[in-house]
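K.L.:
Let me begin by handing over the structure; questions about it come next.
Each value in this text was obtained by applying a stated rule to the coordinates, not by laboratory testing. Everything numeric here is computed off the predicted structure, so don't read it as measured data. Heads up, the Cβs are rebuilt from the backbone with ideal geometry, glycines too, and the neighbour counts pull from every protein chain shown.
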Amino acid sequence: MIRNFRLLIEYDGTNYAGWQRQKHDPTIQGEIEKALETMLGQTVSVIGSGRTDAGVHALGQTANFRCDTRLTSEAFQKGLNSLLNKDIVIKDCKEADIDFHARFNAKGKRYSYRIFNHSVACSIGRQYCWWVRFPLDAEAMQRGADYLIGAHDFKAFEGAGSPKKHTIRTVYQAQFRQDGEYLIFDIEADGFLRFMVRNIVGTLISVGISKFQPDDVKRILLSGDRANAGITAPPQGLFLIEVRYE
């Protein structure tokens, strides 16, 4: 009988070419599928809630796979964790309704982006943040981020080559918080375009160094033109925190 299993996955994306399987480079999806093939002796397709780019991390990626097996969810969790590299961990495995689909059933996602704001770079943890040496005006950045709340066309923050046909998304939270020398940006929405979070962060950094004013974020948003926004923030500061299904 075909059964459906739901995975909660944590991973360090530093050494991977993103989530989606590729022919020649290691990916998160590819590594999990290889481990499942070892366990089951058959090819299994793992469906993720969405793609994360090369170098991006996750604390709460959700995926599912279907297969004909008598193995329990506990056996899958233990078996996968014994086969996978230590930078990929299956935090939970549960049997799901046969119709559950990690991507199509997702209602929203939450990301965090970590900025190390200090005149001197950090050594430990450098693969989990963006070092910005210039002092940042966090209050101005928050005022800029406030313009993102609500339903908008985010085409100005969409990366080139995005497969999305529709660019309207609803942002529920866009909040900065300070954690020592780290400035952390939390954003939650019903969905995200390719590079959307990283392009938003790059734009808000421009606000933080007074290259843009806070209300320029609204102007950029309304323009629908990627050329008007800031740079794309590097991938290593970005974490997928949670995928929401309710």
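K.L.:
Please check: in the Gaussian network model of the chain (C-alpha springs, under 10 Å), which one of ASN199, ASN64, ASN105 has the largest mean-square fluctuation.
P.N.:
ASN105
K.L.:
For the chain, find the longest principal axis of its Cα atoms and tell me its angle to the long axis of helix 73-83, 0 to 90°, nearest 10.
P.N.:
Relative to the chain, helix 73-83 is tipped by roughly 70 degrees.
K.L.:
Let me ask something else about it. How big is the antiparallel share of DSSP beta bridges in region 108-244, given as a percent to the nearest 5?
P.N.:
Antiparallel bridges make up about 90 percent of those DSSP assigns within region 108-244.
K.L.:
By count of other Cβ within 10 Å, fewest leading, how are TRP130, TRP19 ordered?
P.N.:
Arranged by neighbour count, lowest to highest, TRP130, TRP19 become TRP130, TRP19.
K.L.:
Let me ask something additional. So which trypsin sites (Lys or Arg not before Pro) in region 66-131 end up in coil per DSSP with only 13 or fewer other C-beta atoms within 10 Å?
P.N.:
Answer by residue number: ARG70, LYS86, LYS107.
K.L.:
Are there GluC sites (Glu not before Pro) in region 128-232 that DSSP puts in a loop and that have at most 16 other Cβ atoms within 10 Å, and which ones?
P.N.:
GLU181
K.L.:
Averaged across orientations, what area in nm² does the convex hull of the alpha carbons in region 39-186 project?
P.N.:
That works out to 12.0 nm², a quarter of the Cα hull's surface.
K.L.:
Between VAL132, VAL89, VAL207, find the one with the highest GNM mean-square fluctuation for the chain; connect C-alpha pairs within less than 10 Å.
P.N.:
Maximum among the listed residues: VAL132.
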